[in-house]
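Colleague: The structure is given below, and queries will be raised subsequently.
The values are calculated or read from the model by the stated rules, or taken from the named source; none is laboratory data. It should be emphasised that the depicted structure is a prediction, and the values quoted were computed from it without experimental measurement. Cβ atoms come from the backbone with ideal geometry, glycine included; neighbour counts cover every protein chain shown. When the accessible area is computed, the model is the full protein with side chains, heavy atoms only, and any ligands, DNA or RNA have been set aside. Shrake-Rupley method; radii C 1.70, N 1.55, O 1.52, S 1.80 Å.
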Amino acid sequence: MELLTIGAFSKACRLSPKALRLYDELELLRPARVDPDTGYRYYAVEQLERARLVAWLRRLGMPLALIRQVCALPPAAAAREIRAYWARVERETAVRRDLAGFLVDHLTAEPRKDTAMLELRYCAHSDAGRVRPANQDTAYAGTRLLAVADGFGPAGAPASSAAVEALKFLENEELPAGSVLNLLEEAVRGATEAVRDVAGGSDTGTTLTALLWTGSRLALVHIGDSRAYLLRDGGLFRITHDHTVVQSMIDEGRLTPEEATAHPQHALLLKALSGGTHGVPDLKLHDALPGDRYLLCSDGLSGVVPDARITHLLSTAPTPDTAVSILISEANTSGGPDNVSCVVADVVETTA
């Protein structure tokens, strides 16, 4: 077995001697031989491939604990883990990008000189559907807050209600410029505690998708598989990302969206507000334009009514209350296998 000194090995794999000593201590990359008298490390030529993989993964920003797991996998499984890791990085980067864009706009925006103002016209409704014996959804719409929550478990209905109730103080809270996401994040922590109190240790929880109106922007908080859509200029855009096992498989390229609809675990959540670990919700900011129409819904709608049909119904309904009514009716006509909740809000221009 040909051995290289730590210096030669470092040059060959592009890892510094200091990094190699750290990876030895962490049992991530152990030397082939350590001199018992001097403690000098020697590495086998065959270890270069693993060392280069470690170096590449560090350049990606992957944590050392995850690198250890990836390096222990066969190539195909390691590739899947790397793909899944990068999909998570892209989602987290998108959140930070949105926040950076908001801060740049906020700091450089010219004061408005006209008297035009934007406001929301809205409607919310929740229906038990055709199959479920009880409704565990909660839907709410107010002058500032729009929210949908889909409860699950023995106390699913109280959980979804508690999550939405915990946000309602935002209707009357002063919204300081530049920190609305911080305020919303704190409110979600309160919602999490409220759900935990309701759960009482049981397997109970809820999704939560909510929009907070600032007067010109909408701050989004999202966890679970309820959804938020934006209808703008005739196009429907989903502005949330499902936190489900199936969606993660789509992100990793293991499933197509068409295959996902029939997957037996299509409703299995990776994140939710619950009595146990619930994950971190997504937080984003969206600029609003006159004519925008927003839809928040539980999977009782999105799981049975295709996006193309939702687009048509949203585009043709003259008012939010009409839109809510026909969307819930469409879900029930399609079998109504789940509770279905919808909130529709229009951004309209008014004169102060």
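Colleague: Which of ALA187, ALA262, ALA155 moves most in a GNM of the chain, Cα contacts under 10 Å?
Modeller: In this elastic network of the chain, the residue with the biggest mean-square fluctuation among ALA187, ALA262, ALA155 is ALA262.
Colleague: So, counting K/R as plus one and D/E as minus one, what does the shell of residues with Cβ under 12 Å around VAL164 add up to?
Modeller: Around VAL164, the surrounding residues sum to -3.
Colleague: May I pose another question? So, for the chain, what is the accessible surface per residue at a probe of 1.4 Å, expressed in square angstrom?
Modeller: 50 Å²
Colleague: Something else: Quick one: pull the percent of accessible area on the chain belonging to carbon and sulfur, 1.4 Å probe, ligands and nucleic acids left out.
Modeller: 53 percent
Colleague: Which Cα, out of THR350, SER325, LEU145, lies furthest along the positive dipole direction of the chain (beta carbon charges, K/R +1, D/E -1)?
Modeller: It is LEU145, whose Cα lies furthest towards the positive end.
Colleague: Also, quick follow-up: Dipole size in debye (nearest 20) for the chain around its Cα centre, Lys and Arg Cβ +1, Asp and Glu Cβ -1?
Modeller: It comes to approximately 1240 debye.
Colleague: Let me ask another. Considering only protein heavy atoms, with the full assembly of protein chains and a 1.4 angstrom probe, order LEU60, LEU107, LEU20 by accessible area, largest first.
Modeller: The ordering from most to least exposed comes out as LEU107, LEU60, LEU20.
Colleague: Given the chain reduced to its alpha-carbon atoms as identical point scatterers, what log10 I(q)/I(0) does the Debye formula return at q = 0.09, 0.10, 0.13, 0.14 Å⁻¹?
Modeller: The Cα Debye sum returns log10 ratios of -0.61, -0.71, -1.00, -1.10.
Colleague: Just to confirm a number: summing +1 for Lys and Arg and -1 for Asp and Glu over residues other than ALA187 whose beta-carbon lies under 10 angstrom from that of ALA187, what do you get?
Modeller: Here the charged neighbours net out to -1.
Colleague: Any idea what the relative contact order of the chain is, in percent, if you count C-alpha pairs under 8 Å spaced at least 6 apart?
Modeller: 19 percent
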